[in-house]
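Written out below as structure tokens is the structure these notes cover.
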Amino acid sequence: RALEIDLRQALVTGEFELFYQPIVGLSSGRVVGLEALLRWCHPERGLLSPVEFVPMCEETGLIVPLGDWVLRTACCEVARMSDDISVAVNLSPVQFKAPGIVSSVMQALSQARLDPGRLELEITESVLLLESEDTLAALHRLRDLGVRISMDDFGTGYSSLSYLRRFPFDRIKIDRSFIADLETKDDCRAIIRAVASLGSDLGIDTTAEGVETESQLKTLRAEGLTEVQGYLFSPPVPRDEIVEVLAKAK
Ligand code: G
Ligand code: G
Ligand code: MN
Ligand code: NA
């Protein structure tokens, strides 16, 4: 398959890049963190989104070295940015089936000299769906390092609440489909309110994704979420541009 050959080559020739999207704290109004989002600058096809190549990387196992690259690059780039901003990295379930995820995170942190508390790992429910003791042990070891663990795309899986009992997450990221329907469907607001209250009771941060309008922001603030993220503040942008976004936000 042409795409697979291109992908292997891309890691060697350095065609991958990380974009960053700011995460804004609702009480401070400041940028508290960045989510790193992978892009492939394909020489002929232009900028490709992960939805176009991550599934192939997962099938071929290439996601393991690529995921390592993402971790190392995100840690190094954020360590070089000002302030004590944190970075969130998305992890594929396949990275948990392979052995070295914990040592890979440790290496990325030490290479970048980044405080573990500034790294957040975003996993989806599908990671816990593996029902593997090894996976749970790896998550606990990562958390013991001081790294924070987030549940991404919350609400899109099957039994989200049971996963909150299986593992002590530091953050819940409410899937953007709930925010998109906030104004047209009453149940979305009720669900967001319930998640915010759950988070507050359990000491878990709660972030709304895909915030695009002032009116959504107003509702989310009223419901007591702790962070927001979305086009209203900034789309994911290249590293050099995020430095400007951060400077402006001060
Ligand atoms: O940035 P964008 O909206 O195109 O991201 C599309 C999807 O790709 C999202 O589900 C996001 O979590 C995922 N994604 C982005 N960057 C990475 C990455 O570095 N690793 C993995 N496994 N998934 C990523
Ligand atoms: O699955 P995950 O939550 O990691 O994916 C994040 C994805 O959401 C990225 O691909 C990013 O480009 C996209 N995204 C970020 N902000 C917004 C937004 O305000 N609206 C929409 N529609 N997508 C967004
Ligand atoms: Mn994410
Ligand atoms: Na998400």
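The values are calculated or read from the model by the stated rules, or taken from the named source; none is laboratory data. No experiment lies behind these values; they were computed from the predicted model shown. As a convention, Cβ positions derive from the backbone with ideal geometry for all residues, glycine included, and neighbour counts pool all protein chains shown.
Residues in the stretch 143-152 that are more than 16 Å from ligand 2 (Cβ to nearest atom) and either surrounded by fewer than 21 Cβ atoms within 10 Å (Cβ to Cβ) or over 12 Å from residue 121 (Cβ atoms) (or both): 143, 144, 145, 146. Identify the residue in the stretch 173-207 that is within 15 Å of ligand 3 (Cβ to nearest atom) and either among the hydrophobic types (A, V, I, L, M, F, W, C) or touching a Cys at 6+ places or on another chain (Cβ under 8 Å) (or both) and, among all such residues, is nearest to residue 34 (Cα to Cα). Step by step, filter the stretch 173-207, then rank; the result is 174. Of the residues making up the stretch 149-183, those that are more than 21 Å from the chain's Cα centre (by Cα) and modelled with pLDDT of 90 or more are 181, 182.
Restricting attention to the stretch 17-32, the residues that are touching a strand residue (DSSP E or B) at 6+ places or on another chain (Cβ under 9 Å) and more than 15 Å from ligand 2 (Cβ to nearest atom) total 4. Residue 128 meets the conditions (1) at pLDDT 85 or above; (2) within 19 Å of residue 89 (Cβ to Cβ) in every case but one. The failed one is (1).
Of all residues in the stretch 192-210 being under 16 Å from residue 25 (Cα atoms) and of a type in the set (D, E, K, R), which is nearest to the chain's Cα centre (by Cα)? Among those residues, the one meeting the criterion is 209.
Check residue 66 against each of (1) in contact with a helix residue (DSSP H, G or I) (Cβ under 8 Å, 6 or more places away or on another chain); (2) more than 14 Å from ligand 1 (Cβ to nearest atom) and name the one condition it does not meet. Failed condition: (2). Filtering the stretch 36-61 down to residues that are more than 8 Å from ligand 1 (Cβ to nearest atom) and part of a strand (DSSP E or B), which residue is surrounded by the fewest Cβ atoms within 10 Å (Cβ to Cβ)? Ranking the qualifying residues of the stretch 36-61, first place goes to 46. Across the stretch 23-38, the qualifying residues are those that are in contact (Cβ under 8 Å) with a residue 60 or more places away in the chain and over 19 Å from residue 117 (Cα atoms), and the one among them that is farthest from the chain's Cα centre (by Cα) is 27.
Might you check whether a residue that is under 27 Å from residue 184 (Cβ atoms), among the aliphatic types (A, V, I, L, M) and touching a residue at least 12 places away in the same chain (Cβ under 8 Å) occurs anywhere in the stretch 238-247? Write out each step before concluding.
Narrowing the stretch 238-247 to residues under 27 Å from residue 184 (Cβ atoms): none.
No, the stretch 238-247 contains no residue that is under 27 Å from residue 184 (Cβ atoms), among the aliphatic types (A, V, I, L, M) and touching a residue at least 12 places away in the same chain (Cβ under 8 Å).
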